[in-house]
Amino acid sequence: MSDGNVEKAILAAMLKPSSPLLERVTLHNQILVHNFKQAVERGCECQLIGCTQSFAITLVPNQVLYPKYCDDHRTEFRRKEFLRRFLERPGVHPIREFRIIAEPSTGAGLPSGFDPR
C-alpha cells in the first residue's frame, strides 16, 4: 500500500463508528487532520501519562498520521520502563480498575436514558 493509500484508508475509517484500523494506528500514533498546502512545524505534548515533554512534528500536506509520543518514549520498551519508574514514585497510585459504584442520576448532567452498562 502506498503512503497516499494509507492516508485515504485512515480518513475513510474515521467515518465508521468503530474501526479496527483506527484502533490499531492510534495505539502508538495520533491523527491530525489539517489542510495545509505546505509543510508546517507544530509543537505537541507527549501523550504518555506522567511525561510532560514537548516535541516538534512537521505537518505534511496529505498526511494525517503523526507520532503520539516524544523521542524519549517512541519505543514500547522505553514507555514501559518510564511507567514502571513513574509508578514507583511516592504518592503515585495506579488505577487497576474502574467501575461505577452507584447509578448516576439524570440530574448530574448526564443525558436522560444514559445507561453506563
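The values are calculated or read from the model by the stated rules, or taken from the named source; none is laboratory data. Note that the coordinates shown come from a computational prediction; the quantities given were computed from them, not determined experimentally. Cβ sites come from the backbone with ideal geometry, for glycine too, and all protein chains shown count toward neighbours.
Would you pick out the residues in the range 9-29 that are in contact (Cβ under 8 Å) with a residue 40 or more places away in the chain and over 10 Å from the mean Cα position of the chain (by Cα)?
Matches in the range 9-29: Ile10, Leu11.
Look at Asn5 and say whether it is loosely packed, with under 15 Cβ neighbours inside 10 Å and in a helix (DSSP H, G or I).
Here the answer is yes, as Asn5 does meet what is asked.
If a residue has to be touching a Phe, Trp or Tyr at 6+ places or on another chain (Cβ under 7 Å), part of a loop (DSSP other than H, G, I, E, B) and at pLDDT below 95 to count, how many in the range 18-46 make the cut?
Final tally of qualifying residues: 1.
List pairs: first residue in the range 46-69 and more than 25 Å from Ile95 (Cβ to Cβ), second residue surrounded by fewer than 17 Cβ atoms within 10 Å (Cβ to Cβ) and of a type in the set (Lys, Arg) anywhere in the structure, Cβ distance under 8 angstrom, at least six positions apart or on different chains.
So the pair list comes out as Ala56/Arg42; Ile57/Arg42; Thr58/Arg42; Leu59/Arg42; Pro61/Lys37; Pro67/Arg74.
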